[in-house]
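This report concerns only the one structure given below.
No lab work stands behind these numbers, since they all come straight from the coordinates. Quick caveat: nothing in here was measured; it's all calculated off a predicted structure. Every residue, glycine among them, receives a Cβ derived from its backbone with ideal geometry; neighbour counts consider all protein chains shown.
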Ligand SMILES: NC(=O)c1ccc[n+]([C@@H]2O[C@H](COP(=O)([O-])OP(=O)(O)OC[C@H]3O[C@@H](n4cnc5c(N)ncnc54)[C@H](OP(=O)(O)O)[C@@H]3O)[C@@H](O)[C@H]2O)c1
């Protein structure tokens with residue numbers, strides 16, 4: 001019998017691309033997707049995908065959908081506790097083992113709250129095999145830690161019948177392929193702030209460095225995990241070991257500011273391409289409207305350097321898509 005997949009976040013940048021990838025690669029899968037609104041051309045594009053109407057707070061709907069799924073792929077909000085609890089409760093009601101693939105993010109290892117490396121290179125590089133003990137015991141204050149913890153506890157309590165994987169991408173670039181949002185988060189925010197400052201910008205000496213992945217490279221990890229899950233889990237790590245970084249390259253803030261500045265000047269968005277240094281305090285409050293304190297530091301002045309050793313070991317994973325520098329012009333054009 002064809003496997004049944006239940007996916008959330010199908011109108012999002014990442015989740016939409018996961019949906020599109022699965023539908024195109026495996027038309028034989030039965031796929032259901034949670035939607036709180038149905039994009040206009042959704043049914044035309046995905047006539048065989050079953051729509052489950054609801055949002056992340058529709059606990060019973062989510063739980064009931066999970067009961068019917070061999071594999072749940074949860075993509076839209078890496079911090080939302082009621083939805084992950086409902087999914088786990090549903091999967092545990094099943095009579096047979098099932099799989100949960102959850103989207104987290106390398107915010108969990110970012111140094112934005114440490115203060116020591118604001119705008120400076122942090123030599124610490126995390127890999128998802130050697131540093132696993134530290135990654136799965138990050139302080140509660142770290143981004144996405146609340147939900148990672150719920151999943152890790154469920155995996156430890158019910159590992160015989162619930163196989164979990166946490167996909168932990170760094171910053172993502174490239175155009176998505178889903179039915180809703182197709183742009184990532186970094187460049188729209190950077191352009192908006194650069195317009196306000198009048199120039200591309202950095203804090204400190206701008207050497208703070210983050211890892212990156214092209215959305216299409218990230219899809220390789222999703223596809224391999226879903227295919228492994230459908231085959232009973234063979235070929236992938238699950239539970240405590242099922243933690244997957246996805247980085248393929250890294251870039252410092254000052255190098256991004258230089259490259260973006262040239263493009264934004266050429267397209268008339270900025271009159272000055274030369275990056276400028278701004279005060280730590282200014283960058284810190286830039287994204288205050290998001291109501292996450294210090295989010296500006298996280299986004300533009302922190303380090304988050306990761307290596308995807310597990311995916312490389314298990315799947316032969318490596319970056320094959322356009323590099324960040326090659327894709328930047330298209331990403332910037334899409335948000336100006
Ligand atoms: N983009 C990146 O560079 C990146 C990197 C690492 C980690 N992440 C993390 O990955 C997650 C998703 O990122 P994204 O860029 O794909 O975000 P996105 O494009 O904004 O997509 C969010 C998706 O979740 C859905 N959603 C959100 N809240 C919902 C709710 N209460 N009920 C039902 N659906 C809801 C949205 O549905 P609607 O269309 O109905 O709003 C949309 O489908 C975020 O938590 C982010 O922190 C992102």
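You can think of it this way: the chain between residue 114 and residue 48 has 19.0 nm of extra reach, that is 0.36 nm per residue less the Cα-Cα gap.
State whether the range 1-105 is rounded, prolate or oblate according to the following rule on the C-alpha gyration tensor (a ≥ b ≥ c being the square roots of its eigenvalues): a/c under 1.5 gives rounded; otherwise a/b larger than b/c gives prolate, and the remaining case gives oblate. Please report the intermediate quantities before stating the final value.
On the way: a/c = 1.55, a/b = 1.20, b/c = 1.30.
Oblate, because a/c is 1.5 or more while a/b does not exceed b/c.
At 222 nm, what helix-only mean residue ellipticity would the chain give, in deg cm²/dmol to the nearest 500, using -39500 (n - 2.57) for each DSSP H run of four or more? Present the calculation step by step, with values, prior to reporting the outcome.
Numbers: 13 runs with 127 residues, N = 336.
That comes out to -11000 deg cm²/dmol.
Oblate is the label for the range 245-336, because the ratio a/c of its alpha-carbon gyration tensor axes (a ≥ b ≥ c) is 1.5 or higher and a/b is not greater than b/c. Listed by Cβ neighbour count within 10 Å, with the fewest neighbours leading, 81, 227 appear as 81, 227.
Label reach from residue 289 (point 7 Å along Cα→C-beta): in the range 253-274, amide nitrogens under 20 Å belong to 269-270. Between residue 96 and residue 241, the modelled label-to-label distance comes to 2.4 nm, taking each label 7 Å out from Cα in the direction of the beta carbon. Counting only the backbone N, which residues of the range 188-218 are under 20 Å from the spot 7 Å out from the Cα of residue 24 toward its beta-carbon? Within reach of a label on residue 24, which here means backbone N under 20 Å from a point 7 Å along Cα→Cβ, the range 188-218 contributes 213-218. Give me the percent of Cα-Cα pairs in the range 251-302 that sit more than 18 Å apart, rounded to a whole number. Cα-Cα pairs in the range 251-302 separated by more than 18 Å: 42 percent. Dividing the convex hull volume of the alpha-carbon atoms in the range 4-333 by its residue count gives 126 Å³ per residue. Principal-axis analysis of the Cα atoms of the chain puts helix 13-25 at an angle of about 50° to the longest axis. Once you keep just the Cα pairs under 8 angstrom separated by 6 or more residues, what percentage relative contact order results for the chain? Here the relative contact order equals 21 percent.
Using C-alpha pairs under 8 Å with a sequence gap of at least 6, the mean separation divided by the residue count of the range 58-194 gives a relative contact order of 27 percent.
Using 0.36 nm per residue and subtracting the Cα-Cα separation, the extra length available between residue 223 and residue 279 on full extension is 15.9 nm. Both the radius of gyration and Dmax for the range 129-247 are 17.6, 56 Å, in that order, over alpha-carbon atoms. Distance between the pseudo-spin-label points of residue 234 and residue 140 (7 Å out from Cα toward the beta carbon): 4.2 nm. Residues 100, 287, 113, ranked from the fewest to the most other C-beta atoms within 10 Å, line up as 113, 287, 100.
Fully extending the segment from residue 61 to residue 329, taken as 0.36 nm per residue of separation minus the present Cα-Cα distance, adds 92.3 nm. Shown is the FRET efficiency for residue 314 and residue 272, computed with R0 = 35 Å from the Cβ-Cβ distance and rounded to the nearest 0.05: 0.15.
Structural descriptor for the range 271-336: relative contact order 16 percent, calculated from alpha carbon pairs under 8 angstrom and at least 6 residues apart. Ranked for footprinting exposure by Cβ neighbours inside 10 Å, fewest first, 332, 7, 132 give 132, 332, 7. Under the classification rounded if a/c is under 1.5, otherwise prolate if a/b is larger than b/c and oblate if not, where does the range 170-304 fall, given a ≥ b ≥ c as square roots of the Cα gyration tensor eigenvalues? It is prolate, given that a/c is not under 1.5 and a/b is the larger ratio. Quick one: work out the % antiparallel among DSSP beta bridges in the chain, nearest 5. Of all bridge pairs located within the chain, approximately 10 percent are antiparallel.
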